[in-house]
Amino acid sequence: MELVVRSDIQPGVIDTKILQEAIKEQGPKGEAGRLIEEEGYDLKEITHLRLEFLNILRIDHLWMMTSLTKLQLANNIIEKIENLDALVNLKDLDLSFNRIKVIENLENLEKIEIFTLFQNNISRVENLDCLKNLEIFSIGNNNIEDESCVLYLRKFKNLRCLNMAGNPCTHEGFREYVAAFIPQLVYYEYKLLTEEEVDLARTMYLKDLGTLEREEAEELKATEAQEERRKTEALHSEAFVEQLDGDQLYQRMLEEDPTGQALLLVGEEAEEMFNSFKEQISNVTAEIFELGQEQLKLRKAELEQFTQCVTQAKTRSQKQSQE
C-alpha cells in the first residue's frame with residue numbers, strides 16, 4: 001500500500017496522528033475502506049510511505065512500519081537523519097530538499113539501493129559504509145568542497161548512478177575526474193558515461209590511478225591477511241588453544257617480567273637455564289596445541305554424527321507417522 005498525505009496536515013514531528021490521517025485519506029474507499037477502517041490498519045503491512053511538503057522537522061514513530069521499502073520525506077525542514085533503525089527492509093530513501101547537515105544513523109539500513117539527499121546542507125560524504133547495496137546516490141546542491149569524496153565512493157562496488165552537481169567541489173572537468181576514479185559508474189548527473197569518456201578520463205589521471213590502485217592492492221592484501229589471522233585465532237579459540245601456537249606463554253611468563261629479565265643478567269649459567277626452560281615450555285605448549293586441534297576435530301566429527309542421527313530419527317518418525 002502506498003500512502004500519499006495531503007499538504008493540509010499540520011506540520012511538525014511525524015507522529016501517529018499524521019500516519020493515521022494518511023492511512024484514512026489514502027486507504028481504500030467505499031465498502032472495502034469501511035471494513036478495513038473497522039478492523040484497523042496494520043502499519044506493519046505498509047511498504048511505501050510518502051510524507052512531503054508538510055514542514056516536518058523531526059522523523060519519529062516509524063519504528064512500527066518494519067515492511068517499508070520506500071520512504072519519501074522530501075520537501076520538508078528535517079535537520080537530522082534519525083529514528084530509522086527499525087526500517088531494515090528499506091531500499092529507497094528520499095530526503096531531498098531538507099536541512100540535513102550530517103549523514104548519520106544509517107547502520108541498520110543495509111538494503112538501501114537508492115539514496116537521495118539532493119538540496120541539503122551536507123558538507124561531507126561519510127557514514128555510508130553499511131550501504132553495501134547502494135546503486136543510485138544523489139547528493140547534488142549541497143556544500144561539499146572536498147573532491148576526495150569521490151575516492152570514498154569508489155569502494156561502493158554496486159554504485160551505478162551518481163549526481164553531485166551544484167556542490168563547490170564540482171569544478172570544470174569534475175565529470176572526467178568521477179569517470180576516472182569510479183570505474184563501476186554508468187551514469188553521472190543522469191547522463192551515460194561512454195567508453196570513450198572513461199578511457200580518456202583514465203588517461204588523464206593515469207599516474208594518480210596507478211598510485212591509488214597500488215595502495216588499494218596493498219590495503220586489500222593487508223585486510224585479507226588480517227581476516228586470515230582472525231579466522232585462525234577463532235579456530236584456535238574454538239579448540240581452547242589460543243595463544244599457544246608459538247612462544248607467547250614463555251613471553252608472558254618471563255620476557256615481560258622485569259624480575260625474570262634481571263635474573264638473565266646474573267651470568268651465562270642463568271641464561272642457559274632460561275634457554276632450557278624456554279625450550280621445555282615451547283615443547284609442552286606445542287603438544288597442548290596439537291592435542292587441542294585433534295580434540296576439536298573429534299568434537300566436530302561427534303557433533304556431525306549426532307546431527308546426522310537426529311535427522312535420520314526425525315525422518316523415520318515422520319515416515320512412520322505418515323504410514
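The values are calculated or read from the model by the stated rules, or taken from the named source; none is laboratory data. Owing to the predicted nature of the structure, the values given are computational and were not obtained by experimental measurement. Methodologically, a virtual Cβ is constructed for each residue, glycine included, from the backbone with ideal geometry; neighbour enumeration extends over all protein chains shown. Heavy atoms of the whole protein, side chains included, go into the accessibility calculation; ligands, DNA and RNA do not. Shrake-Rupley method; radii C 1.70, N 1.55, O 1.52, S 1.80 Å.
For the stretch 94-100, backbone phi angles converted through the Karplus equation (6.51, -1.76, 1.60; θ = phi - 60°) give residue-by-residue couplings of 10, 10, 6, 6, 10, 10, 6 Hz, Gly and Pro being listed as x. Quick one: grab the alpha carbon gyration tensor of the stretch 185-230, order the square roots of its eigenvalues as a ≥ b ≥ c, and give me rounded if a/c is under 1.5, else prolate or oblate depending on whether a/b is larger than b/c. Judged from the Cα gyration tensor, the stretch 185-230 comes out oblate (a/c at least 1.5, b/c at or above a/b).
Modelled label positions at residue 295 and residue 160, each set 7 Å beyond Cα in the direction of Cβ, lie 5.3 nm from each other.
Across 94, 42, the residue with the most accessible area heads the list, and the full order at a 1.4 Å probe is 42, 94. Residues in the stretch 226-231 carry Karplus couplings, in order, of 5, 5, 5, 5, 4, 5 Hz; the curve used is 6.51 cos²θ - 1.76 cosθ + 1.60 with θ = phi - 60°, and Gly or Pro positions show x. Taking the inverse of the mean reciprocal distance over all distinct Cα pairs, the Kirkwood hydrodynamic radius of the stretch 125-209 comes to 12.9 Å.
Looking at the stretch 68-211 alone, DSSP beta bridges between its own residues are antiparallel in about 10 percent of cases.
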